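One structure is given below, encoded as structure tokens.
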Amino acid sequence: MSLPLLPDRDCGGCVECCRYIPLDLPELAKPTGQLCHYCVDGSGCSVHAIRPQTCRVWFCLWRAVELSDDWRPDRSGVIVRPDGVQEGIITLYVMRPSEFLATEDFFATVAHWIAEGIQIALSVPGPEGTYPVRAVVTNYLRPSIEDGDMEAFVGHLFAALDSLAASDFQPDGVTARYAVA
Ligand code: SF4
Ligand code: SF4
């Protein structure tokens, strides 16, 4: 799925999808969490003109919806995944717990989504080469949001992330292959 992108926004130095999103294509396979060998960390794709079609159409939601600059994934530690949005679910793929998760910006945005009837899922990566884990947490977060209690919200959020991080992560079975030419 590819949403229309915001015209005045680009990835800048973010390369987080090239690190955290697995690929298993004939010309390019990389396990979850492995920075693509074609990626220059902090800069971008070194094979941009001939990158696979999957790379051309995959963008996180920060590129497509009005979120603040602080939401840029390399700053926030969160990739807002595009899959599931059309079914009314937003998945926050938390690559690393960051101070951003305890900001008013994050709280207000998640509260707005839930008020709009959107389901919220949290996802966290495991060791390189394993599937991330994911859980829908809307009803877990809702009471603190409805109370306007940001401190309780942050507590619940980090408790959910800790619980996910303790999961039994399963191998993604992807063997690295770099053959873009
Ligand atoms: S995670 Fe989003 S902002 Fe970062 S490189 Fe990928 S599409 Fe661009
Ligand atoms: S080929 Fe380029 S765009 Fe695709 S994952 Fe690798 S660095 Fe990222």
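The values are calculated or read from the model by the stated rules, or taken from the named source; none is laboratory data. In this text the structure is predicted, and so the values were computed from the model without any measurement. Cβ placement follows ideal geometry from the backbone for every residue including glycine, while neighbour counts extend to all protein chains displayed. What goes into the accessible areas is simple: the full protein's heavy atoms, side chains included, and nothing from ligands, DNA or RNA. Shrake-Rupley method; radii C 1.70, N 1.55, O 1.52, S 1.80 Å.
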- Message: If I go through the stretch 65-97 residue by residue, how many of them are polar (S, T, N, Q) and either part of a helix (DSSP H, G or I) or modelled with pLDDT under 95 (or both)?
- Response: 2
- Task: Look at the stretch 1-19 and say how many of its residues are more than 12 Å from the chain's Cα centre (by Cα) and either among the aliphatic types (A, V, I, L, M) or in a helix (DSSP H, G or I) (or both).
- Result: 4
- Considering each residue of the stretch 1-39, count those that are at pLDDT below 95 and either near ligand 2 (Cβ under 9 Å from one of its atoms) or of a type in the set (S, T, N, Q) (or both), and give that number. 2
- If the Cβ limit is 8 Å and pairs must be 6+ apart or interchain, which residue in the stretch 152-171 that is part of a helix (DSSP H, G or I) pairs with which residue that is open to solvent by 40 Å² or more (accessible area, probe 1.4 Å) and of a type in the set (A, V, I, L, M, F, W, C)? V154/A102
- Task: Determine, yes or no, whether L101 is part of a loop (DSSP other than H, G, I, E, B), touching a helix residue (DSSP H, G or I) at 6+ places or on another chain (Cβ under 8 Å), surrounded by 18 or more Cβ atoms within 10 Å (Cβ to Cβ) and touching a residue at least 12 places away in the same chain (Cβ under 8 Å).
- Result: no
- Query: Name the residues in the stretch 20-49 that are out of contact with any strand residue (DSSP E or B) (no Cβ under 7 Å at 6 or more places or on another chain), outside any strand (DSSP E or B) and in contact (Cβ under 8 Å) with a residue 60 or more places away in the chain, would you?
  - Reply: P26, E27, P31, G33, Q34, V47
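I'd like the residue in the stretch 118-150 that is assigned to a loop (DSSP other than H, G, I, E, B) and open to solvent by less than 60 Å² (accessible area, probe 1.4 Å) and, out of all such residues, is nearest to V85 (Cα to Cα). First the steps, then the outcome.
Within the stretch 118-150, the first condition is being assigned to a loop (DSSP other than H, G, I, E, B), and the residues that meet it are 118, 125-129, 131-132, 137, 147-149.
Going one step further and asking which of them are open to solvent by less than 60 Å² (accessible area, probe 1.4 Å), we end up with 118, 125-126, 129, 132, 137, 148.
Values: I118: 9, P125: 20, G126: 23, G129: 25, P132: 18, V137: 15, G148: 25 Å.
The selected residue is I118.
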- Considering the stretch 1-47 alone, what residues qualify as being of a type in the set (V, I, T) and open to solvent by 50 Å² or more (accessible area, probe 1.4 Å)? V40
